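Below is one structure; the comments refer to it alone.
The values are calculated or read from the model by the stated rules, or taken from the named source; none is laboratory data. All figures in this text were calculated on a predicted structure; none of them were measured in a lab. No Cβ is skipped: glycine too gets one built from the backbone with ideal geometry, and neighbour counts run over all protein chains shown.
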Amino acid sequence: MMFIDVAKISVKAGKGGNGVVAWRREKYEPSGGPYGGDGGKGGSIILKTDEGIRTLMDFRYKRSYNGENGEDGRSKKQFGKDGKDIILRVPVGTLVKDEETGKVIVDLKDKDDEYVIAKGGIGGRGNARFATATRQAPGFAEAGRKGQERRIILELKLLADVGLIGFPNVGKSTLLSIVTAAKPKIANYHFTTLKPNLGVVRLADEMSFVIADIPGLIEGASKGAGLGHDFLRHIERTRVLIHVLDASGIEGRDPIEDFYKINEELSSYNDKIMEKPQIIAANKTDIPEAAEWLPRIREEFETMGIPVFEISAATQSGIRELLYAAWDILEKTEVVYETYDDMFVETDEDINEEIIVKKEDGMFIVEGGFMERLLQSTYMDDNESLRYFQETLRKRGVVDELVDLGINEGDSVFICGYEFEFYE
Ligand SMILES: Nc1nc2c(ncn2[C@@H]2O[C@H](COP(=O)(O)OP(=O)(O)OP(=O)(O)O)[C@@H](O)[C@H]2O)c(=O)[nH]1
Ligand SMILES: [Mg+2]
(Lines give C-alpha, C1' and ligand atoms only; values in the text may rest on other atoms or scores of the structure.)
(Ligands and ions follow the chains in the order given, each with its own letter.)
Protein backbone atom coordinates (compact mmCIF):
# COMPACT_ATOMS: atom_id res chain seq x y z
CA MET A 1 0.00 0.00 0.00
CA MET A 2 1.22 3.44 -0.84
CA PHE A 3 1.26 6.07 1.82
CA ILE A 4 -0.20 9.22 0.36
CA ASP A 5 0.18 12.23 2.54
CA VAL A 6 -0.49 15.10 0.14
CA ALA A 7 -3.36 15.57 -2.28
CA LYS A 8 -4.66 18.46 -4.34
CA ILE A 9 -8.37 18.60 -4.89
CA SER A 10 -11.03 21.01 -6.01
CA VAL A 11 -14.32 21.39 -4.25
CA LYS A 12 -17.44 23.10 -5.44
CA ALA A 13 -20.54 23.45 -3.35
CA GLY A 14 -24.00 23.21 -4.91
CA LYS A 15 -25.84 26.22 -6.24
CA GLY A 16 -28.95 27.37 -4.44
CA GLY A 17 -32.23 26.61 -6.20
CA ASN A 18 -34.03 29.48 -7.88
CA GLY A 19 -37.05 31.09 -6.32
CA VAL A 20 -40.05 30.84 -8.63
CA VAL A 21 -42.79 33.07 -9.86
CA ALA A 22 -46.20 31.50 -9.44
CA TRP A 23 -49.73 32.67 -8.77
CA ARG A 24 -52.49 31.37 -6.64
CA ARG A 25 -55.16 29.92 -8.88
CA GLU A 26 -58.56 29.40 -7.41
CA LYS A 27 -61.14 27.72 -9.58
CA TYR A 28 -63.33 30.73 -10.13
CA GLU A 29 -60.72 33.37 -9.48
CA PRO A 30 -58.20 33.62 -12.33
CA SER A 31 -55.57 35.90 -10.76
CA GLY A 32 -54.75 35.29 -7.14
CA GLY A 33 -51.74 36.51 -5.16
CA PRO A 34 -48.05 35.59 -5.56
CA TYR A 35 -47.51 31.97 -4.68
CA GLY A 36 -43.94 31.09 -5.72
CA GLY A 37 -41.75 29.29 -3.17
CA ASP A 38 -38.04 29.62 -2.33
CA GLY A 39 -35.27 27.53 -3.82
CA GLY A 40 -33.45 25.05 -1.62
CA LYS A 41 -29.89 25.54 -0.35
CA GLY A 42 -27.03 24.03 -2.33
CA GLY A 43 -25.14 21.13 -0.73
CA SER A 44 -21.91 22.05 1.08
CA ILE A 45 -18.61 20.20 1.04
CA ILE A 46 -17.56 19.22 4.53
CA LEU A 47 -14.26 17.75 5.70
CA LYS A 48 -14.37 15.43 8.66
CA THR A 49 -11.64 13.52 10.44
CA ASP A 50 -11.99 9.79 10.85
CA GLU A 51 -9.61 7.71 12.96
CA GLY A 52 -10.17 4.74 10.67
CA ILE A 53 -8.52 6.55 7.78
CA ARG A 54 -4.74 6.61 7.67
CA THR A 55 -3.83 8.13 4.34
CA LEU A 56 -5.10 10.59 1.76
CA MET A 57 -5.05 7.89 -0.87
CA ASP A 58 -8.71 8.23 -1.88
CA PHE A 59 -8.03 11.77 -2.99
CA ARG A 60 -5.48 10.57 -5.50
CA TYR A 61 -8.18 8.82 -7.46
CA LYS A 62 -10.94 11.37 -7.24
CA ARG A 63 -9.81 14.96 -7.33
CA SER A 64 -12.93 17.02 -7.72
CA TYR A 65 -16.05 17.09 -5.64
CA ASN A 66 -19.27 18.84 -6.54
CA GLY A 67 -22.07 19.44 -4.08
CA GLU A 68 -25.64 18.82 -5.16
CA ASN A 69 -27.64 21.85 -6.30
CA GLY A 70 -30.68 22.98 -4.37
CA GLU A 71 -34.00 22.40 -6.07
CA ASP A 72 -35.95 25.32 -7.48
CA GLY A 73 -38.88 26.49 -5.42
CA ARG A 74 -42.36 25.32 -6.33
CA SER A 75 -45.80 26.74 -6.59
CA LYS A 76 -48.00 26.99 -3.50
CA LYS A 77 -45.07 28.59 -1.63
CA GLN A 78 -43.32 25.25 -1.36
CA PHE A 79 -39.59 25.25 -0.77
CA GLY A 80 -37.30 23.40 -3.12
CA LYS A 81 -35.31 20.59 -1.48
CA ASP A 82 -31.82 21.38 -0.18
CA GLY A 83 -28.93 19.78 -2.05
CA LYS A 84 -27.19 17.01 -0.10
CA ASP A 85 -23.92 17.87 1.63
CA ILE A 86 -20.85 15.86 0.74
CA ILE A 87 -18.71 14.70 3.64
CA LEU A 88 -15.09 13.97 2.80
CA ARG A 89 -13.38 11.82 5.40
CA VAL A 90 -9.73 12.57 6.11
CA PRO A 91 -7.15 11.25 8.59
CA VAL A 92 -6.66 12.98 11.93
CA GLY A 93 -3.77 15.41 11.45
CA THR A 94 -4.82 16.70 8.03
CA LEU A 95 -3.99 20.29 7.27
CA VAL A 96 -6.16 21.97 4.71
CA LYS A 97 -4.33 24.57 2.65
CA ASP A 98 -5.37 27.09 0.08
CA GLU A 99 -3.71 26.04 -3.16
CA GLU A 100 -2.94 29.55 -4.31
CA THR A 101 -1.33 30.89 -1.12
CA GLY A 102 -0.16 27.60 0.39
CA LYS A 103 -1.45 28.80 3.75
CA VAL A 104 -3.39 26.69 6.20
CA ILE A 105 -7.14 27.22 6.16
CA VAL A 106 -7.77 24.75 8.94
CA ASP A 107 -5.84 22.12 10.87
CA LEU A 108 -8.03 19.08 11.54
CA LYS A 109 -6.09 17.59 14.40
CA ASP A 110 -8.75 16.08 16.60
CA LYS A 111 -11.04 13.13 16.23
CA ASP A 112 -14.35 14.01 14.53
CA ASP A 113 -13.22 17.54 13.67
CA GLU A 114 -15.44 19.05 11.01
CA TYR A 115 -15.02 21.99 8.68
CA VAL A 116 -17.22 23.36 5.92
CA ILE A 117 -14.69 23.98 3.17
CA ALA A 118 -17.20 25.11 0.54
CA LYS A 119 -20.55 26.54 1.55
CA GLY A 120 -23.62 25.76 -0.52
CA GLY A 121 -25.30 28.74 -2.16
CA ILE A 122 -28.48 29.89 -0.51
CA GLY A 123 -31.74 29.45 -2.38
CA GLY A 124 -33.42 32.38 -4.10
CA ARG A 125 -36.63 33.76 -2.68
CA GLY A 126 -39.87 33.05 -4.51
CA ASN A 127 -42.16 35.86 -5.57
CA ALA A 128 -44.43 35.28 -2.58
CA ARG A 129 -41.66 36.83 -0.46
CA PHE A 130 -41.61 40.07 -2.37
CA ALA A 131 -45.23 41.02 -1.91
CA THR A 132 -45.67 44.30 -0.02
CA ALA A 133 -48.59 46.66 0.46
CA THR A 134 -47.50 48.66 -2.57
CA ARG A 135 -46.35 45.70 -4.64
CA GLN A 136 -49.07 43.13 -4.49
CA ALA A 137 -48.13 41.19 -7.57
CA PRO A 138 -44.35 40.87 -7.78
CA GLY A 139 -43.61 39.27 -11.13
CA PHE A 140 -40.05 38.28 -10.18
CA ALA A 141 -38.18 35.96 -7.94
CA GLU A 142 -34.55 35.68 -6.91
CA ALA A 143 -32.09 33.35 -8.57
CA GLY A 144 -30.24 30.94 -6.29
CA ARG A 145 -26.69 31.91 -5.37
CA LYS A 146 -23.59 30.10 -6.49
CA GLY A 147 -21.92 27.66 -4.15
CA GLN A 148 -18.38 28.38 -2.95
CA GLU A 149 -15.66 26.93 -5.09
CA ARG A 150 -12.02 26.47 -4.12
CA ARG A 151 -8.89 24.55 -4.81
CA ILE A 152 -7.22 23.09 -1.77
CA ILE A 153 -4.26 20.98 -0.73
CA LEU A 154 -4.73 18.31 1.89
CA GLU A 155 -1.55 17.58 3.77
CA LEU A 156 -1.22 14.95 6.44
CA LYS A 157 1.08 15.70 9.33
CA LEU A 158 0.91 12.88 11.80
CA LEU A 159 0.62 13.65 15.47
CA ALA A 160 2.89 11.72 17.81
CA ASP A 161 4.54 12.33 21.15
CA VAL A 162 7.87 10.87 20.21
CA GLY A 163 9.56 10.69 16.83
CA LEU A 164 12.26 8.17 15.97
CA ILE A 165 14.82 9.71 13.69
CA GLY A 166 18.14 8.60 12.29
CA PHE A 167 19.99 7.33 9.22
CA PRO A 168 18.59 4.36 7.31
CA ASN A 169 19.21 0.92 8.78
CA VAL A 170 20.13 2.11 12.29
CA GLY A 171 17.23 0.13 13.80
CA LYS A 172 14.34 2.59 14.16
CA SER A 173 11.69 0.16 13.00
CA THR A 174 13.15 -2.64 15.10
CA LEU A 175 12.89 -0.38 18.13
CA LEU A 176 9.27 0.50 17.29
CA SER A 177 8.43 -3.16 16.91
CA ILE A 178 9.69 -4.10 20.36
CA VAL A 179 8.15 -1.22 22.28
CA THR A 180 4.71 -1.20 20.61
CA ALA A 181 2.31 -3.60 18.99
CA ALA A 182 3.14 -2.15 15.56
CA LYS A 183 4.57 -4.54 13.00
CA PRO A 184 6.75 -2.43 10.71
CA LYS A 185 8.84 -4.00 8.00
CA ILE A 186 12.39 -4.60 9.18
CA ALA A 187 15.23 -5.52 6.87
CA ASN A 188 18.91 -5.09 6.44
CA TYR A 189 18.86 -2.49 3.69
CA HIS A 190 18.33 1.24 3.46
CA PHE A 191 14.90 2.79 3.19
CA THR A 192 13.01 -0.26 4.32
CA THR A 193 10.51 2.10 5.88
CA LEU A 194 8.73 4.15 3.25
CA LYS A 195 5.94 5.54 5.35
CA PRO A 196 5.85 6.73 8.94
CA ASN A 197 4.51 4.09 11.31
CA LEU A 198 2.77 4.88 14.54
CA GLY A 199 2.61 2.77 17.66
CA VAL A 200 1.54 3.19 21.25
CA VAL A 201 4.03 2.62 24.05
CA ARG A 202 2.38 1.48 27.28
CA LEU A 203 4.66 1.78 30.28
CA ALA A 204 1.91 1.39 32.88
CA ASP A 205 -1.68 2.45 33.42
CA GLU A 206 -2.01 6.12 32.53
CA MET A 207 1.54 6.07 31.23
CA SER A 208 1.42 5.71 27.51
CA PHE A 209 2.51 7.71 24.52
CA VAL A 210 2.44 7.60 20.74
CA ILE A 211 5.69 7.00 18.96
CA ALA A 212 6.34 7.49 15.23
CA ASP A 213 8.97 5.72 13.19
CA ILE A 214 10.04 8.22 10.57
CA PRO A 215 11.66 6.87 7.39
CA GLY A 216 15.45 7.14 7.28
CA LEU A 217 16.95 10.56 6.73
CA ILE A 218 20.17 11.21 4.88
CA GLU A 219 22.34 14.15 4.02
CA GLY A 220 20.43 16.47 1.69
CA ALA A 221 17.02 15.23 2.85
CA SER A 222 15.82 18.78 3.33
CA LYS A 223 16.56 19.35 -0.36
CA GLY A 224 14.85 16.19 -1.45
CA ALA A 225 17.60 13.54 -1.22
CA GLY A 226 16.56 10.03 -0.24
CA LEU A 227 12.94 10.10 0.81
CA GLY A 228 13.50 13.76 1.44
CA HIS A 229 11.13 16.37 2.57
CA ASP A 230 8.09 14.20 2.51
CA PHE A 231 8.70 12.78 5.90
CA LEU A 232 10.39 15.66 7.60
CA ARG A 233 6.96 17.22 7.86
CA HIS A 234 5.82 14.51 10.24
CA ILE A 235 8.54 15.42 12.69
CA GLU A 236 6.90 18.83 13.09
CA ARG A 237 4.19 17.34 15.21
CA THR A 238 6.25 15.32 17.64
CA ARG A 239 7.29 16.61 21.05
CA VAL A 240 10.43 14.65 21.77
CA LEU A 241 12.88 13.08 19.35
CA ILE A 242 14.71 9.83 19.95
CA HIS A 243 17.73 10.06 17.74
CA VAL A 244 18.81 6.51 16.94
CA LEU A 245 22.50 5.99 16.18
CA ASP A 246 24.18 2.82 14.98
CA ALA A 247 26.79 2.66 17.74
CA SER A 248 28.56 -0.26 16.09
CA GLY A 249 29.48 1.81 13.06
CA ILE A 250 29.08 -1.45 11.19
CA GLU A 251 28.23 0.28 7.94
CA GLY A 252 31.44 2.26 7.99
CA ARG A 253 29.93 5.59 9.03
CA ASP A 254 30.89 7.56 12.10
CA PRO A 255 27.83 7.61 14.44
CA ILE A 256 28.87 10.96 15.90
CA GLU A 257 28.96 12.54 12.44
CA ASP A 258 25.60 10.95 11.67
CA PHE A 259 24.06 12.86 14.53
CA TYR A 260 25.29 16.20 13.24
CA LYS A 261 24.32 15.49 9.67
CA ILE A 262 20.76 14.65 10.58
CA ASN A 263 20.49 17.74 12.70
CA GLU A 264 21.72 19.87 9.85
CA GLU A 265 18.92 18.51 7.71
CA LEU A 266 16.38 19.14 10.42
CA SER A 267 17.46 22.71 10.90
CA SER A 268 17.54 23.47 7.21
CA TYR A 269 14.03 22.08 6.91
CA ASN A 270 12.95 24.35 9.76
CA ASP A 271 14.92 25.88 12.60
CA LYS A 272 12.09 25.37 15.03
CA ILE A 273 12.66 21.61 14.99
CA MET A 274 15.87 22.27 16.88
CA GLU A 275 13.83 23.39 19.86
CA LYS A 276 12.50 19.88 20.33
CA PRO A 277 14.32 17.92 23.01
CA GLN A 278 16.40 15.05 21.65
CA ILE A 279 17.73 12.00 23.39
CA ILE A 280 20.18 9.59 21.87
CA ALA A 281 19.55 5.87 21.59
CA ALA A 282 22.96 4.36 20.85
CA ASN A 283 21.74 1.14 19.25
CA LYS A 284 23.31 -2.18 18.22
CA THR A 285 25.42 -2.35 21.39
CA ASP A 286 25.31 -6.16 21.07
CA ILE A 287 27.81 -5.86 18.23
CA PRO A 288 31.39 -5.88 19.66
CA GLU A 289 32.54 -2.83 17.67
CA ALA A 290 30.11 -0.75 19.71
CA ALA A 291 32.47 -0.96 22.68
CA GLU A 292 34.86 1.36 20.91
CA TRP A 293 32.31 3.93 19.92
CA LEU A 294 30.24 4.11 23.11
CA PRO A 295 32.69 6.08 25.29
CA ARG A 296 33.26 8.55 22.46
CA ILE A 297 29.51 9.00 21.90
CA ARG A 298 28.93 9.61 25.62
CA GLU A 299 31.81 12.04 25.87
CA GLU A 300 30.65 14.02 22.83
CA PHE A 301 26.98 14.36 23.70
CA GLU A 302 26.69 14.11 27.45
CA THR A 303 28.97 17.12 27.83
CA MET A 304 26.45 18.97 25.64
CA GLY A 305 23.63 17.90 27.96
CA ILE A 306 22.12 15.41 25.52
CA PRO A 307 21.27 12.18 27.34
CA VAL A 308 22.70 9.00 25.80
CA PHE A 309 21.09 5.58 26.29
CA GLU A 310 22.91 2.43 25.31
CA ILE A 311 20.46 -0.01 23.84
CA SER A 312 20.18 -3.07 21.69
CA ALA A 313 16.92 -3.45 19.85
CA ALA A 314 18.07 -6.99 19.03
CA THR A 315 18.56 -8.17 22.62
CA GLN A 316 16.18 -5.56 24.10
CA SER A 317 18.71 -4.33 26.61
CA GLY A 318 18.46 -0.75 27.87
CA ILE A 319 15.01 -0.21 26.41
CA ARG A 320 13.13 0.50 29.65
CA GLU A 321 15.51 3.26 30.69
CA LEU A 322 15.18 4.89 27.29
CA LEU A 323 11.38 4.84 27.38
CA TYR A 324 11.18 6.19 30.90
CA ALA A 325 13.53 9.00 29.98
CA ALA A 326 11.28 9.87 27.02
CA TRP A 327 8.28 9.79 29.33
CA ASP A 328 9.94 12.13 31.83
CA ILE A 329 10.54 14.71 29.15
CA LEU A 330 7.02 14.35 27.77
CA GLU A 331 5.61 15.04 31.20
CA LYS A 332 7.56 18.26 31.35
CA THR A 333 6.68 19.50 27.87
CA GLU A 334 3.52 21.18 26.82
CA VAL A 335 1.19 19.28 24.53
CA VAL A 336 1.13 21.35 21.37
CA TYR A 337 0.79 20.01 17.90
CA GLU A 338 1.08 23.25 16.01
CA THR A 339 2.81 23.05 12.67
CA TYR A 340 5.20 25.59 11.20
CA ASP A 341 2.81 26.68 8.47
CA ASP A 342 1.33 30.14 8.00
CA MET A 343 -2.35 30.56 8.61
CA PHE A 344 -4.74 31.65 5.90
CA VAL A 345 -7.06 34.44 6.85
CA GLU A 346 -10.47 33.54 5.59
CA THR A 347 -12.55 36.37 4.20
CA ASP A 348 -16.08 35.15 4.36
CA GLU A 349 -17.81 36.15 1.15
CA ASP A 350 -21.18 35.72 2.75
CA ILE A 351 -20.61 38.46 5.22
CA ASN A 352 -19.02 40.74 2.71
CA GLU A 353 -21.68 43.45 2.73
CA GLU A 354 -19.46 45.95 1.06
CA ILE A 355 -20.67 48.49 -1.45
CA ILE A 356 -18.01 50.62 -3.11
CA VAL A 357 -19.01 53.66 -5.13
CA LYS A 358 -16.22 55.55 -6.85
CA LYS A 359 -15.16 57.58 -9.85
CA GLU A 360 -12.03 56.43 -11.63
CA ASP A 361 -10.67 57.93 -14.86
CA GLY A 362 -13.99 59.65 -15.35
CA MET A 363 -15.91 56.39 -15.00
CA PHE A 364 -18.54 55.76 -12.36
CA ILE A 365 -17.99 52.41 -10.71
CA VAL A 366 -20.07 50.46 -8.21
CA GLU A 367 -18.76 47.18 -6.80
CA GLY A 368 -18.43 45.00 -3.67
CA GLY A 369 -19.81 41.75 -2.32
CA PHE A 370 -23.26 43.08 -1.71
CA MET A 371 -23.55 44.44 -5.25
CA GLU A 372 -22.32 41.20 -6.76
CA ARG A 373 -24.98 39.24 -4.98
CA LEU A 374 -27.70 41.71 -5.84
CA LEU A 375 -26.71 41.58 -9.49
CA GLN A 376 -26.59 37.79 -9.45
CA SER A 377 -30.14 37.54 -8.24
CA THR A 378 -31.61 40.07 -10.64
CA TYR A 379 -33.24 39.07 -13.90
CA MET A 380 -32.26 41.89 -16.21
CA ASP A 381 -34.98 41.13 -18.73
CA ASP A 382 -37.73 41.28 -16.15
CA ASN A 383 -39.00 44.79 -15.48
CA GLU A 384 -40.15 44.05 -11.99
CA SER A 385 -36.91 42.45 -11.05
CA LEU A 386 -35.07 45.46 -12.43
CA ARG A 387 -37.28 47.81 -10.53
CA TYR A 388 -36.45 45.95 -7.31
CA PHE A 389 -32.76 46.23 -8.20
CA GLN A 390 -33.09 50.00 -8.64
CA GLU A 391 -35.04 50.43 -5.43
CA THR A 392 -32.32 48.61 -3.58
CA LEU A 393 -29.64 50.88 -5.07
CA ARG A 394 -31.59 53.86 -3.93
CA LYS A 395 -32.23 52.52 -0.43
CA ARG A 396 -28.59 51.65 0.03
CA GLY A 397 -27.58 55.19 -0.84
CA VAL A 398 -25.76 54.25 -4.06
CA VAL A 399 -27.75 56.75 -6.12
CA ASP A 400 -27.00 59.59 -3.70
CA GLU A 401 -23.32 58.78 -3.73
CA LEU A 402 -23.23 58.75 -7.52
CA VAL A 403 -24.94 62.14 -7.58
CA ASP A 404 -22.39 63.46 -5.08
CA LEU A 405 -19.64 62.25 -7.41
CA GLY A 406 -21.22 64.35 -10.15
CA ILE A 407 -23.07 61.84 -12.28
CA ASN A 408 -25.53 63.20 -14.85
CA GLU A 409 -28.59 61.70 -16.48
CA GLY A 410 -27.57 59.44 -19.31
CA ASP A 411 -24.01 58.82 -18.03
CA SER A 412 -22.71 55.27 -17.91
CA VAL A 413 -22.22 53.55 -14.60
CA PHE A 414 -20.35 50.26 -14.32
CA ILE A 415 -21.86 47.94 -11.77
CA CYS A 416 -19.55 44.97 -11.15
CA GLY A 417 -18.33 45.29 -14.73
CA TYR A 418 -21.76 45.64 -16.35
CA GLU A 419 -22.62 48.92 -18.00
CA PHE A 420 -25.87 50.68 -17.09
CA GLU A 421 -27.25 54.00 -18.09
CA PHE A 422 -27.97 56.34 -15.22
CA TYR A 423 -31.28 58.11 -14.82
CA GLU A 424 -33.10 59.06 -11.67
N1 LIG B 1 22.80 -6.53 15.77
C2 LIG B 1 21.79 -5.72 15.78
N3 LIG B 1 21.08 -5.52 14.67
C4 LIG B 1 20.02 -4.66 14.72
C5 LIG B 1 19.66 -4.00 15.92
N6 LIG B 1 18.60 -3.23 15.64
C7 LIG B 1 18.28 -3.40 14.34
N8 LIG B 1 19.15 -4.27 13.77
C9 LIG B 1 19.16 -4.73 12.38
O10 LIG B 1 19.44 -3.62 11.54
C11 LIG B 1 18.75 -3.76 10.30
C12 LIG B 1 17.92 -2.52 10.05
O13 LIG B 1 16.88 -2.42 11.02
P14 LIG B 1 15.58 -1.55 10.78
O15 LIG B 1 14.83 -1.52 12.06
O16 LIG B 1 14.86 -1.99 9.56
O17 LIG B 1 16.26 -0.14 10.51
P18 LIG B 1 15.58 1.28 10.19
O19 LIG B 1 16.33 2.29 10.93
O20 LIG B 1 14.13 1.19 10.42
O21 LIG B 1 15.91 1.39 8.63
P22 LIG B 1 15.14 2.20 7.48
O23 LIG B 1 13.69 1.87 7.59
O24 LIG B 1 15.73 1.68 6.24
O25 LIG B 1 15.44 3.63 7.73
C26 LIG B 1 17.90 -5.01 10.42
O27 LIG B 1 18.58 -6.07 9.79
C28 LIG B 1 17.82 -5.24 11.92
O29 LIG B 1 17.62 -6.58 12.26
C30 LIG B 1 20.45 -4.25 17.09
O31 LIG B 1 20.22 -3.71 18.17
N32 LIG B 1 21.50 -5.10 16.95
MG1 LIG C 1 12.61 1.32 9.14
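Observations on the model:
- Which numbered condition residue 196 fails, given (1) away from ligand 1 (no atom under 16 Å from the Cβ); (2) at pLDDT below 85: (1)
- Remark: residue 290 falls outside the filter, which requires a residue to be touching a Leu at 6+ places or on another chain (Cβ under 8 Å), crowded, with 20+ Cβ neighbours inside 10 Å and more than 30 Å from residue 93 (Cβ to Cβ).
- With respect to the conditions (1) within 16 Å of ligand 1 (Cβ to nearest atom); (2) surrounded by fewer than 19 Cβ atoms within 10 Å (Cβ to Cβ); (3) under 32 Å from the mean Cα position of the chain (by Cα), residue 172 falls short on a single one, namely (2).
- The residue pairs whose first member lies in the stretch 180-193 and is under 12 Å from residue 169 (Cβ atoms) and of a type outside the set (Gly, Ala, Ser), whose second member is within 7 Å of ligand 1 (Cβ to nearest atom) and not in a loop (DSSP other than H, G, I, E, B), and whose beta carbons are closer than 9 Å, counting only pairs six or more residues apart or on different chains, are 186/173; 186/174; 192/173; 193/172; 193/173; 193/213.
- Hey, residue 137 within 19 Å of residue 20 (Cβ to Cβ) and part of a loop (DSSP other than H, G, I, E, B) or not: yes
- Among the residues of this structure, residue 202 does not count as one that is surrounded by 19 or more Cβ atoms within 10 Å (Cβ to Cβ) and away from ligand 2 (no atom under 11 Å from the Cβ).
- Annotation: of all residues in the stretch 382-424 being assigned to a loop (DSSP other than H, G, I, E, B) and within 42 Å of the chain's Cα centre (by Cα), the one that is modelled with the lowest pLDDT is 417.
- Any hit, the stretch 264-273, residues being among the aliphatic types (A, V, I, L, M), more than 14 Å from ligand 1 (Cβ to nearest atom), without any contact (Cβ under 8 Å) to a residue 24 or more places away in the chain and under 30 Å from residue 106 (Cα atoms): no
- Considering residues of the stretch 346-376 that are basic (Lys, Arg) and modelled with pLDDT of 90 or more only, the residue farthest from residue 393 (Cα to Cα): 359
- Only one of 197, 169 that is in contact (Cβ under 8 Å) with a residue 24 or more places away in the chain, within 13 Å of ligand 2 (Cβ to nearest atom) and touching an Asp or Glu at 6+ places or on another chain (Cβ under 6 Å): 197
- Hey, residue 101 within 15 Å of ligand 2 (Cβ to nearest atom) and polar (S, T, N, Q) or not: no
- Options 159, 164; residue that is under 20 Å from residue 213 (Cβ atoms) and assigned to a strand (DSSP E or B): 164
- Verdict on residue 152 being within 16 Å of ligand 1 (Cβ to nearest atom) and over 23 Å from residue 260 (Cα atoms): no
- Restricting 214, 186 to those that are crowded, with 20+ Cβ neighbours inside 10 Å, under 24 Å from residue 54 (Cβ atoms), touching a helix residue (DSSP H, G or I) at 6+ places or on another chain (Cβ under 9 Å) and hydrophobic (A, V, I, L, M, F, W, C) reduces the list to 214.
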